[in-house]
Amino acid sequence: KEDGDGHAEVVVKTRPKTQRPPLYKVLMLNDDYTPMEFVVHVLERFFGMNHSQAFEIMLTVHKKGLAVVGVFSHEIAETKVTQVMDFARQHQHPLQCTMERE
Ligand code: TYC
């Protein structure tokens with residue numbers, strides 16, 4: 001490139017930083033009382049897992065103490081946590097579900 005009076009130009013391309021909304025992990029916590037089948041049902045119902053996926057994740061929570069069950073926008077993560085906590089309370093199980101920024 002040349003700018004009209006013999007001087008070379010260097011064209012620098014800028015790449016605008018694209019802002020992505022922060023994502024939140026939804027975590028399921030283990031406890032000693034919630035029945036395994038109930039947790040499997042929760043994972044199928046609120047997280048769209050099939051039975052074998054749900055069973056596998058439930059066992060991971062049972063063995064390790066917690067597991068990430070999904071990653072969502074803030075609003076969706078909050079809704080999932082509320083749905084799980086309300087459903088657990090309705091059935092009088094102590095199941096805990098929380099969210100944390102990724
Ligand atoms: N630990 C529970 C039991 O032995 C099962 C369980 C799994 C509970 C996952 C909570 O998030 C949980 N009945």
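Annotations for the structure displayed:
- Cross-chain or 6+ apart pairs with Cβ under 9 Å, the range 20-40 first and farther than 13 Å from Cys97 by Cα, then acidic (Asp, Glu) and exposed (fewer than 14 other Cβ atoms within 10 Å of the Cβ): Pro22/Glu102; Leu23/Glu102
- Long-range neighbours under 9 Å by Cβ, at least six apart or interchain, first residue more than 19 Å from Val68 (Cα to Cα) and free of Cβ contacts under 8 Å to residues at least 60 places away in the same chain within the range 82-98, second open to solvent by 70 Å² or more (accessible area, probe 1.4 Å) and more than 10 Å from the ligand (Cβ to nearest atom): none
- Residue match in the range 90-97 (condition: within 10 Å of the ligand (Cβ to nearest atom) and open to solvent by 60 Å² or more (accessible area, probe 1.4 Å)): yes
- Selection status of Lys80, within 16 Å of the ligand (Cβ to nearest atom) and either surrounded by fewer than 16 Cβ atoms within 10 Å (Cβ to Cβ) or among the basic types (Lys, Arg) (or both): yes
- Taking the range 69-100 as the range and being touching a helix residue (DSSP H, G or I) at 6+ places or on another chain (Cβ under 9 Å) and within 17 Å of Met36 (Cα to Cα) as the test, the residues that pass are Val69, Val84, Phe87, Ala88, His91, His93, Pro94, Leu95, Gln96, Cys97.
The values are calculated or read from the model by the stated rules, or taken from the named source; none is laboratory data. Computed from a predicted model, the values in this text were never measured in an experiment. Glycine also receives a Cβ, built like all others from the backbone with ideal geometry; neighbour counts cover every protein chain displayed. Quick note on the areas: whole protein, heavy atoms, side chains included, nothing else; ligands and nucleic acids left out. Shrake-Rupley method; radii C 1.70, N 1.55, O 1.52, S 1.80 Å.
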